[in-house]
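**Student:** This is the structure I want to talk about, given as structure tokens.
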Amino acid sequence: MENYNENMNYSFEPMPEQQPGGQPQYTQPQQTPETSVKPKKKHTGLKLAALILAVTLVAGTAGSVLTHVIGTISEKNAAGQTQEAEAVMGEAELPENEQDMGSYNLVSTPLPEKLPSNAGDKSLSRSQVYAMNVNACVGIATQITTNIWGQTASASVAGSGFILTEDGYVVTNNHVVEDATSVTVKLYNGEEYDAQIVGTDAMNDVALLKIEAEGLQAVTVGNSDELLVGDEVIAIGNPLGELTFTMTAGCISALDREINADGKPINMMQTDAAINSGNSGGPLFDMNGNVIGITTAKYSGSTSSGTSIEGIGFAIPINDVMDIVYDLQQYGYVKDRAYLGVTVRDLDSSTASTYGLPIGPIVQSVAEGSCTEKAGMQQGDIIIGYEDRTVESYTDLVAALHRSKAGDTVTIKVFRAGAEIELTVTLDERPQDDEISAIEDEQNQKIQQEEENQQQQQQINPFDPFGFGFGN
């Protein structure tokens, strides 16, 4: 499903003794292409009214195009020491799982079938949780190439992450490593490693990296479904890209927040632990020392009355992350993601009010052979419902679609020719991003050509309030 909006652009952001381990929480899927990916737990998302709020993805950006350069992650108590990373995205074909890394070959072994978890009554102190986990936390520095006013320039991004396995799998946010030409992972003891990007998921802002190392300290993984509002948590990360391995503390402020970050609605939990630029991708721990989320975003700005916003940060629940991570390791992308095969445009409220129409995304095109075409969806339909959810925008539709997987049969309600119609749709599997981009580009070119033709003809097509031929 793609979106076109003439007004808005969308884009689908020395360790003390460890506590005794409890029962493992996660099991790896079977390593066969036919295996179904475990569906994500369905959440009842709570939409936040934003007033003058802005959701900020908390990765730090710097480089020659900015007035301030954020240094590469420095050694503890040794500010100013930087090291440039080499490019890691080689394309040479190597046997099996080996990837050309220049000076060495990186072998991506499968993730363990089970990951450990610490049992307990959540009674550890903050200092104990920090000491248990700081060696499993990392700083991440990347190099990206940007285009500023037609000029190519280099910039750096600083973020955070955590070690998932002792053989070097590292988890962070997608927006930390997106478009990176090189990625460097820095450990608490000062060691640095070039990293391979194993896979990324832009829609849920998760990335999996791999470094060539053995015997690393890894995090233990908790169960984010068991969290309660008020549970104490701590975050470890690299705020501003310079204050390395900083701990901040707070509590779970709310669960199941549906946060729209850069046009992508993502289920997150809210926390008042301080989250700042550079914290992106870092771990959020419970008081058993288990990672229970990835710190990702915060609200910044002020309300309409001018009140400043403080202490509103967000983290992606670890249960959602782990469902994605296993797919990224095995396939490089997330399998069985639902896809409608339509291009839509939001209907603004003033037009809807003028013509007595419901508010919702209007279907601009339906891909030939797609599940929606088979179900009878047509150009000009206004999508107003998905299963038991009301749909009033493109973002609402995407959020609803995230809770389904390919092969599910769902009911979609549309408004057509003055009547509400229910369509039964068996969802397709989402193509990979390059295919999506090609479909989007092709559709946008068609829309642009149609607009140019209308301008040349100096004709204005009347709006049809009953849906007959709208968009033609």
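The values are calculated or read from the model by the stated rules, or taken from the named source; none is laboratory data. Just so you know, these numbers come straight off a predicted model, no measurement behind them. Backbone-built Cβ (ideal geometry, glycine too); neighbour counts: all protein chains shown. Calculation scope for accessible area: heavy atoms of the full protein, side chains included, ligands and nucleic acids excluded. Shrake-Rupley method; radii C 1.70, N 1.55, O 1.52, S 1.80 Å.
**Student:** Restricting to region 197-223, name every residue that is open to solvent by 20 Å² or more (accessible area, probe 1.4 Å) and part of a strand (DSSP E or B).
**Tutor:** Matches in region 197-223: ILE197, VAL198, THR200.
**Student:** Which residues, counting only those in region 264-274, are open to solvent by 10 Å² or more (accessible area, probe 1.4 Å) and assigned to a loop (DSSP other than H, G, I, E, B)?
**Tutor:** ASP272, ALA274
**Student:** Show the residue pairs that are 6+ apart or on different chains and have beta-carbon atoms under 7 Å apart, the first residue being within region 285-307 and more than 14 Å from VAL321 (Cα to Cα) and crowded, with 24+ Cβ neighbours inside 10 Å, the second being charged (D, E, K, R) and modelled with pLDDT of 75 or more.
**Tutor:** Within 7 Å, the pairs are ASP286/LYS122; ASP286/ASP231.
**Student:** While we're here: Any residue at all in region 401-418 that's under 15 Å from GLY341 (Cα atoms), open to solvent by less than 40 Å² (accessible area, probe 1.4 Å) and part of a helix (DSSP H, G or I)?
**Tutor:** yes
**Student:** Check whether at least one residue in region 249-261 is closer than 16 Å to PHE162 by Cβ and in a strand (DSSP E or B), and report yes or no.
**Tutor:** For region 249-261, residues closer than 16 Å to PHE162 by Cβ and in a strand (DSSP E or B): absent.
**Student:** Okay, next question. Could you please let me know if THR343 is buried (at least 18 other Cβ atoms within 10 Å of the Cβ) and at pLDDT 90 or above?
**Tutor:** no
**Student:** Now, a different point. Looking only at region 228-248, how many residues end up being touching an Asp or Glu at 6+ places or on another chain (Cβ under 9 Å) and at pLDDT below 95?
**Tutor:** 1
**Student:** Of all residues in region 224-248, how many are surrounded by fewer than 21 Cβ atoms within 10 Å (Cβ to Cβ) and in a strand (DSSP E or B)?
**Tutor:** Count: 3.
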